[in-house]
Amino acid sequence: MTAPRPLLPGCGRQSNDSSSRLTPPAEVCMAQVAVVGGGPVGLILACEVALHDVPVVVLERLPEIETHPKAEGITGRAIDILDRRGLMIGIDGTPSQPTAEQRTRIAMGERRPDSLQPKAFPGARHFATMFVLRPESPDLLVPQQLLEKDLARRAADLGVEVRRGHTVTGFTQNGDGVRLDVDGPDGQYQMQADWLAGCDGGRSMVRKLAGIAFPGTDGITTGYRAFAEIDDPDFHLPGWFRKDNGLLVYEEGPPRFITLEFIGPPANRDAPITLEEFQEALRRLSGTKVTVTKVNKINRFTDNERQAETYRQGRVLLVGDAAHVQSQWSGPGLRLGLGDAVNVGWKLAAVARGQCHEDLLDTYTSERHPVGAQTLEVQRASIALMRPGPHVDALRRLLTHLLLHDDTNRQLTALVDDLHIRYDMGDPSLTGPLVGRYCPDLRLKGANGTVRLAELQRTGRPLLLDLGADPGLRSLAEPWSDRVDVVTAECAEAPADALLIRPDGFVAWSTPADEASLPGALARWFGRPARVT
């Protein structure tokens, strides 16, 4: 185990303002944790680690946040993750509602009778463009760029050093750490880190340099997502439409388009997207001679599904799209990446601080790799269900009928939203319906009033909830008091008398398990107890 160490002089905090340039010192910069990639996954991982007073440096090759179209909403478990860290929160303590401008830009609006969204389920989300899923909570309709800005502010508040315009060109690792080669705005330099986290996207340089295999399936589609202007606003009905050759989405005010054609992957995803290229796709799918007069924002995508064989190799970790890529339908990438980050962040911090053995990091792969694999399967199924043709039409009608039943709908919604996840907590003697599952947002009544569990988890520390007024629990947890908070409260809908909740919100121990098993659970997840004097 490694003890915490500060950055060396000359490698101090840098402003997130890209106009402020760092002059690399003559000596090698040092950091406990280096995060490569400053998108939402890299930033939230850095915040998770920094919550535990571990110095973090984020190296991001782009000088500014990207502006091309990305995820336009946050769904499912990702909303809970942000809520439990106080991110994207409205003044009422719940996920904030979109502004009128965001609503106009993102919401789908009224549907024509021949559109894909049945009016029977207003506000429902789609699976394979079938608008039949009924989520437990409304989606958080915010552009990804807004989330990135919120995360950047949180990172700055926590003292995270974000270096924009710094590209990692290589690294070597040994038993003591990782030596990174970095190309910065003012020249090349090296950084020595105890741990390296690759959050640098689907084409991850960290993954490639680490030699981690990335098997999967190639894409079979080419799609475009664009905010654009056309000369014929009546060229097609607004809505979501399956066509004989793919999918067309047209939303008014301002116009947004999504096209998907089953013509194989793009020949060159890195090639600049021309106005004519996008226009031809619109014409093929709409059957019109529409002319695109201006493209404001556009990106090209496909549906390749790949996953790293392992999420950890020595002192190198892969998080988010660096560990898995998947099609964009239903927005799984951001949700999956945020789940990865909050799963490994507290573990990495505990190891970096010397509280836990590095074997704890192996649970990151064992817990999150199956979740990623299942997400890829769901996405492959979604793409298959969007294929044109009478056989798929028949399958879609059958599935739509099945999803009208609450139990079936609930199961698929939970699968799509990552609400079904259950981790192996490593002790078969542990019982209770919540062990290994995400703890619901309980309302807890204490001496100072009522508080939500989500608010107690803002610190990122583990919680032992005593809901049965058992003084013995506090005594058992006392040796871990430097890293585990014990909260005694009343709960009208208490699922158990006591719950041990990890920083990522999952229940590691619960009654009716014998209290004698509590120290074992504390030691497994939070290390050997501090010496009690």
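Readers should treat all values here as calculations from the given coordinates under stated rules, not as data from a laboratory. Being a predicted model, the structure only gives us computed values, none of them experimental. Counting neighbours? That spans all protein chains shown, and the Cβs are built from the backbone with ideal geometry, glycine included.
Summary of computed values
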{"read-out": "Alpha-carbon Debye profile of the chain, log10 I(q)/I(0) at 0.11 Å⁻¹", "value": "-1.03"}
{"read-out": "Pairs from Lys347/Lys445; Lys149/Lys445; Lys243/Lys294 whose Cα-Cα separation, in the structure shown, is over 26 Å", "value": "Lys347/Lys445; Lys149/Lys445"}
{"read-out": "Under the Karplus curve 6.51 cos²θ - 1.76 cosθ + 1.60, θ = phi - 60°, whole-Hz ³J(HN,Hα) for the stretch 167-180, x wherever Gly or Pro sits", "value": "10, 7, 9, x, 7, 10, 10, 9, x, 9, x, 10, 9, 9"}
{"read-out": "Over the stretch 393-480, volume per residue of the alpha carbon convex hull, in Å³", "value": "180"}
{"read-out": "Whole-Hz couplings from phi, Karplus 6.51/-1.76/1.60, listed for the stretch 241-248; x for Gly and Pro", "value": "9, 7, 10, 5, 10, x, 9, 10"}
{"read-out": "Other-chain or far-sequence residues with amide H under 5 Å of Asn296's (modelled H)", "value": "Phe227, Ala228, Glu229"}
{"read-out": "Vicinal HN-Hα couplings computed from phi for the stretch 347-362 (Karplus, 6.51 cos²θ - 1.76 cosθ + 1.60; Hz; Gly/Pro x)", "value": "5, 4, 5, 5, 5, 4, 7, x, 7, 10, 6, 5, 4, 4, 5, 5"}
{"read-out": "Packing rank of 342-355, 501-514, 300-313, where each peptide gets the mean count of other beta carbons within 10 Å, highest leading", "value": "342-355, 501-514, 300-313"}
{"read-out": "Normalised convex hull volume, the stretch 204-251, alpha-carbon set, Å³ per residue", "value": "134"}
{"read-out": "Dmax and Rg, reported as Rg then Dmax, of the stretch 287-356 (C-alpha, Å)", "value": "18.7, 65"}
{"read-out": "Potential lengthening between Arg283 and Asp176 on full extension [0.36 nm per residue; Cα-Cα distance subtracted]", "value": "32.8 nm"}
{"read-out": "Column: log10 I(q)/I(0), Debye, Cα scatterers of the stretch 314-469, q = 0.13, 0.15, 0.21 Å⁻¹", "value": "-0.82, -1.01, -1.45"}
{"read-out": "Amide H contacts under 5 Å for Ile263, placed H, 5+ residues apart", "value": "Thr222"}
{"read-out": "Among beta bridges that DSSP assigns inside the chain, antiparallel share in %, nearest 5", "value": "75"}
{"read-out": "Mean projection area, nm², convex hull over Cα of the stretch 185-277", "value": "10.7"}
{"read-out": "Charge context of His52, other residues only, Cβ under 12 angstrom, K/R +1, D/E -1", "value": "+1"}
{"read-out": "Per-selection Kirkwood Rh - the stretch 126-219 (Cα, Å, 1 d.p.)", "value": "17.2"}
